[in-house]
């Protein structure tokens, strides 16, 4: 969560200073392409941090973290968090208090996503099977779809303003 918030703030701060957002708003491309480009960048950033954390966790603790089901949960959780973070970082990038405003706006709607990812990970590390994590994975997938569609629909309006 922390790495995501820092990453979203950093990207938007550098784009604000260089005037890239205004240039992107004037570009003759669909705004959804701009959103998906930013989303993919945020997703890659989150997945790199997750890979580092999982590698260190596997190194220091006697638990196998390199499992396909756990990697799937990490990808699902990161995808929704990146979509929501990209949308809200774009919403707050013109604010002078964006470092404080982004976490305040991001964490409450991301709570169901984060709770589902934590519970699914806990169940997987305890050795539970698919039946125990199916509900949590469904919540992750639903949050991903909701956040991606919502961000895709609202991003054009955010870039215009």
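Key figures
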item	result
Failed item in (1) modelled with pLDDT of 90 or more; (2) touching a helix residue (DSSP H, G or I) at 6+ places or on another chain (Cβ under 8 Å), with residue 21 passing the rest	(1)
Extreme residue, surrounded by the fewest Cβ atoms within 10 Å (Cβ to Cβ), among residues of region 72-90 that are over 19 Å from residue 135 (Cβ atoms) and over 8 Å from the mean Cα position of the chain (by Cα)	90
Some residue of region 120-129 being part of a helix (DSSP H, G or I), closer than 19 Å to residue 83 by Cβ and either touching a residue at least 24 places away in the same chain (Cβ under 8 Å) or touching a strand residue (DSSP E or B) at 6+ places or on another chain (Cβ under 8 Å) (or both)	yes
Flag if residue 101 is in contact with a helix residue (DSSP H, G or I) (Cβ under 7 Å, 6 or more places away or on another chain), without any contact (Cβ under 8 Å) to a residue 24 or more places away in the chain and surrounded by 13 or more Cβ atoms within 10 Å (Cβ to Cβ)	yes
Complete set of residues in region 131-161 that are surrounded by fewer than 16 Cβ atoms within 10 Å (Cβ to Cβ), more than 13 Å from residue 78 (Cα to Cα) and touching a residue at least 40 places away in the same chain (Cβ under 8 Å)	150, 154, 156, 160
Restricting region 45-64 to residues that are without any contact (Cβ under 8 Å) to a residue 24 or more places away in the chain and outside any helix (DSSP H, G or I), the residue that is surrounded by the fewest Cβ atoms within 10 Å (Cβ to Cβ)	62
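The values are calculated or read from the model by the stated rules, or taken from the named source; none is laboratory data. As the structure is a prediction and not an experimental result, all values here were calculated from the model. Methodologically, a virtual Cβ is constructed for each residue, glycine included, from the backbone with ideal geometry; neighbour enumeration extends over all protein chains shown.
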